[in-house]
Amino acid sequence: MVANVGRLRRHLTPFNIIAGLILAVGLVLTVLRFGFGLGAVTNLDDANPWGLWIGFDILCGVALAAGGFTIATTVHIFRVKRFEAIVRPAVLTGFLGYLFVTVGLLFDLGRPWRVVNPIIGHVGPSSVMFEVGWCVFLYLLVLFLEFSPAALEWLGWKRVRGWAVKLTIVLSVAGMVLSTLHQSSLGSLFLLTPGRLHPLWYSPYVPVFFFVSAIAAGLAMVIFEGWLTHRFFPDKIAHDAASRAHFDSLTLGLGKAAAVVLFAYFGVKVLGVAGDNHWALLASPWGMWFLVELIGFVALPCALFTWGYRNQSVKAVRIAAVLTVLGIVLNRLNVSVIAFGWSAADPYVPSWMEIGTSIAIVTTGVVIFRWIVQRMPILTPHPDYPRH
Amino acid sequence: MTISRRSLLKGAGLTGGASLLLGPSRVASAFTAPAAPDAYGVLVDLSVCEGCHACEEACNEQNGLPKPEAPFDAEAPLGVKRRPGGSTFTVVSTYPDPAHRGEVVNVKTQCMHCLEPTCASACPVGAFTRTPEGAVVYDETICMGCRYCVAACPFGVPHYEFESAFSPRVQKCVLCLSRIREDGLVPACVDACPAEATTFGKRADLIKLARRKLLDPDEGYVDHIYGEREAGGTSWLYISKVPFEALGFPMNLEMQPYINLTKGAVKAVPLVLVLGPAFLMGMNALAKRIEEGEPAPVPVAAHHDAKNGGSGHGR
Ligand code: SF4
Ligand code: SF4
């Protein structure tokens, strides 16, 4: 579709037209949101104070951007150097992911200009959200710095780039620690709401669920995104047989890791049900819905990853990755919106304007990703700084 | 201090006898929260409330709120739990009495003024404080509008002004703190209640009064002081002759402060911050060593021998 973006048909590509339309609608929605308040564009009310923007833009955004810290840790800390080629795309996705999580947060906060309050000394000492705020803020800085060498190479600022590269290990460690904290703490937010979140999803282990599933989500996103970038930026990658084989072996390697992580995730999810002895609840309609998530979007992709790795099927691994991503989206929406509101008399359904805003935010991220990938050394190394 | 004649519990005299009557176990389990001993509370006797909604009107006036759509004396829809809102920080819901056909029970709801408020545990900027009087109050000047408090309150109390573009606030009952603190009055709703269904006083005394009522077998109260232990204890307490389950009270609550649920997670944070980097740097050093073909770190016992050989450490 957008195979040959760039040179000739610079402006009126189908991608640009669709993206342009979405962004135009997004602009109108932005004016409505900030000019007339949350009530004017959302279906939120006191019984359903959190909706799509928390559930999708923030919770899914953070989980799906976990590839940044997962790959950076693998390559820089555990020194598994064969994944080095995908550090930059993963870090860029992470950085843009968190950037747009922050944008989503600004849309969602009643008084977005106070988003800095927890940082500038208004302390909620016992609040999980206070900690999440700090971690996300610091991690955004870390991701910016981790991403900066690519931008500096593009700008030709050799000396500054040299300093930035020296920080690699420190940044990887900081990224891993901060991610461990806030990925799990986003789950801890729901520890406070046992009466509201359906008991099948509520568990004292919910921080563990969030952390482990975020790693799976990060790996799946890296696979998924590698596939897309190879499809849509063919001029940015090498096409010889060796490079292709290398890329396929990376995909399979990631798939193997994802299989292990999903297996662990499946295990702790079952432990959660067992620990609270909630087996009987599985027979209810909500139990069926829980099983759809657990079997269809955790066990199935786990099996498919395993099968794909064993049979060297890149295609199976890619399908498993897509299923995993969908499963994480389903899980986060369940925890924060769907199963969270199971007892609400009047269930929340997002307005088309909430959905439109979310789509516009994601589209902006994709457009910027594309802009950067086409200019900066993300998918292939800069000629001046070849990878060793 | 001038206190409304009809509502204040003249409680001091009760203090001695109750604990003797109740026995040590119930006293010990009363509540775990270190509540200020002098904090106030309100005891609602649901069997007395007539459902006149005078409290709603008094609250509306006291707080200068916009008038609600339906007039105050309109009958509440039967069996529907009403939620406090922007024009009414307290609402009365009406439920059919399951044991007596045709009769109803009226339930006044407002912020429970928890001893360890979940809203305060949730808020990332510390916008909620519990005052020594027992009131849980909110500071709109720092709130950023994340609505975690609305999502987390186990009693479904706070209202958020979604319709406001530039200055949305969380709104809820503040126990008429200024009336209590500055004017020595009882809350406006308590003052307005013609049936004396509400009793304002020291929480500790209210519990004793409630227990004394429950102990009288002729009265037929349900053996439960709602709010004594729910969510770690609340300043508002309820007694009833109809089971609370039938009256829209949340019955699936924790009998401990909700902050206990997140304490472990919050306490783990400094641990991860300290141990995490050390662990990761260690892993990094190990990986580097393996990569460079040097032997893996020597077990402590064998360390001395290795040292003589001059290998096994360094980076
Ligand atoms: S009832 Fe809800 S709003 Fe009121 S103090 Fe308790 S947690 Fe806070
Ligand atoms: S909405 Fe305001 S008061 Fe409520 S938790 Fe968020 S910042 Fe605190």
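Here, each number is a calculation from the coordinates, and none is a lab measurement. From a predicted model like this one, the values you see are computed outputs, not experimental measurements. Please note: Cβ atoms are built from the backbone with ideal geometry, for glycine as well, and neighbour counts cover all protein chains shown.
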Exercise. Please report A:180, A:364 as a ranked list, fewest other C-beta atoms within 10 angstrom at the top and most at the bottom.
Key: A:364, A:180
Quiz prompt | Derived scalar couplings ³J(HN,Hα) [segment A:328-334; Karplus, 6.51 cos²θ - 1.76 cosθ + 1.60; whole Hz; x for Gly, Pro] | solution = 5, 4, 4, 4, 5, 5, 4
Quiz item: Which cross-chain or sequence-distant (5 or more) residues have an amide H under 5 Å from the amide H of residue B:169, H modelled 1.01 Å from N in plane?
Solution: B:161
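If R₀ is 51 angstrom, what is the calculated FRET efficiency for the pair residue A:228 and residue B:216, using the beta carbon separation as r and rounding to 0.05? Intermediate results must be reported in sequence, preceding the final value.
Details: r = 73 Å, r/R0 = 1.44.
It comes to 0.10.
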Practice problem: Starting from the Kirkwood radius over alpha-carbon pairs of segment B:31-265, derive D by Stokes-Einstein at 4 °C in a medium of 1.567 mPa s and give it in µm² s⁻¹. | Solution: 71 µm²/s
Quiz prompt | Eligible lysines near residue B:208 by straight Cα distance, threshold 24 Å, same-chain separation 8 or greater | solution = B:10, B:108, B:241
Quiz prompt | Cα principal axis extents for chain A, largest first, Å | solution = 60, 52, 42
Exercise. Tell me the label-point distance for the pair residue A:79, residue A:158, using the 7 Å Cα-to-Cβ offset, in nm and rounded to one decimal.
Key: 2.8 nm
Self-check item: Proximal lysines to residue B:267, defined as alpha-carbon separation beneath 17 angstrom and excluding residues fewer than eight positions away on the same chain
Solution: none
Self-check item: Ranked A:182, A:246, B:159, criterion: other C-beta atoms within 10 Å, fewest first
Solution: A:246, B:159, A:182
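Given an 8 Å cut-off on Cα distances and at least 6 residues of separation, report the relative contact order of chain A as a percent.
Numbers: 507 pairs, mean separation 105.6, N = 388.
In percent, rounded to a whole number, it is 27.
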Exercise. Quote the Stokes-Einstein diffusion coefficient, in whole µm² s⁻¹, for the protein assembly as shown, based on the Kirkwood radius over alpha carbon pairs, a temperature of 20 °C and a viscosity of 1.002 mPa s.
Key: 76 µm²/s
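Please give me the summed charge of the neighbours of residue A:214: other residues whose Cβ is under 15 Å from its Cβ, Lys and Arg +1, Asp and Glu -1.
Working: positive: A:269, A:332; negative: none.
Local charge sum for residue A:214: +2.
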Quiz item: Between residue B:101 and residue A:271, what is the FRET efficiency for a Förster distance of 35 Å, r being their Cβ-Cβ separation, to the nearest 0.05?
Solution: 0.15
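Taking the Cβ of residue A:307 as the center, what net charge do the other residues with Cβ under 13 Å away carry, scoring Lys and Arg +1 and Asp and Glu -1? Write down the numbers at each step before the final one.
Working: positive: A:256, A:310, A:315, A:318; negative: none.
Neighbour charge sum, excluding residue A:307 itself: +4.
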Practice problem: Rank the residues A:351, A:284, A:358 as a footprinting-exposure proxy: fewest other Cβ atoms within 10 Å of their Cβ go first. | Solution: A:284, A:351, A:358
Quiz item: What is the sum of charges around residue A:146, taking Lys and Arg as +1, Asp and Glu as -1, for the other residues whose C-beta is under 13 Å from the C-beta of residue A:146?
Solution: +3
Quiz prompt | Cross-link reach list, aspartates and glutamates versus residue B:263, counting only Cα pairs under 15 Å and skipping chain neighbours closer than eight places | solution = A:131, B:116, B:254
Quiz prompt | Order by protection proxy (mean Cβ within 10 Å, highest first), peptides A:373-382, A:48-57, A:167-176 | solution = A:48-57, A:167-176, A:373-382
Exercise. Subtracting the Cα-Cα distance from 0.36 nm times the residue separation, let me have the gained length for residue A:34 to residue A:295 in nm, one decimal.
Key: 89.9 nm
Quiz item: What is the antiparallel percent of DSSP beta bridges lying wholly in the protein assembly as shown, to the nearest 5?
Solution: 75 percent
Practice problem: Find how many whole Å separate the alpha carbon centroid of segment B:116-145 from the alpha carbon centroid of segment A:230-278. | Solution: 44 Å
Quiz item: Hey, what number do you get for the protein assembly as shown at 222 nm if only DSSP H runs of n ≥ 4 count, each worth -39500 (n - 2.57), divided across all residues, to the nearest 500?
Solution: -15500 deg cm²/dmol
Quiz item: What's the tally of Lys pairs in chain A whose alpha-carbon atoms lie under 29 angstrom apart, where the two lysines are 8 or more places apart or on different chains?
Solution: 13
Quiz prompt | Residue-averaged beta-carbon neighbours from other chains (10 angstrom radius) around A:111-117 | solution = 5
Quiz item: Computed from the mean reciprocal separation of all distinct C-alpha pairs, what Kirkwood hydrodynamic radius does segment A:164-222 have, in Å?
Solution: 12.8 Å
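On average, how many beta carbons from a partner chain sit within 10 Å of the beta carbon of a residue in B:115-128? The partial results should precede the final answer.
On the way: counts 0, 1, 0, 2, 1, 4, 7, 9, 7, 13, 12, 10, 3, 1.
The shielding value for this peptide is 5.
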Exercise. Report, by chain and number, residues whose modeled amide H sits under 5 Å from the one on residue B:237, excluding near sequence neighbours (fewer than 5 apart, same chain).
Key: B:42, B:43, B:44
Exercise. Determine the shielding of peptide B:271-281 by partner chains: average, over its residues, the number of Cβ atoms on other chains within 10 angstrom of each Cβ.
Key: 4
Practice problem: Would you mind estimating how fast segment A:193-345 diffuses translationally, via Stokes-Einstein at 4 °C and 1.567 mPa s with the Kirkwood radius over Cα pairs, in µm²/s? | Solution: 79 µm²/s
Quiz item: Is segment A:293-339 rounded, prolate or oblate when judged by the Cα gyration tensor, a ≥ b ≥ c being the square roots of its eigenvalues, rounded requiring a/c under 1.5 and prolate requiring a/b larger than b/c?
Solution: prolate
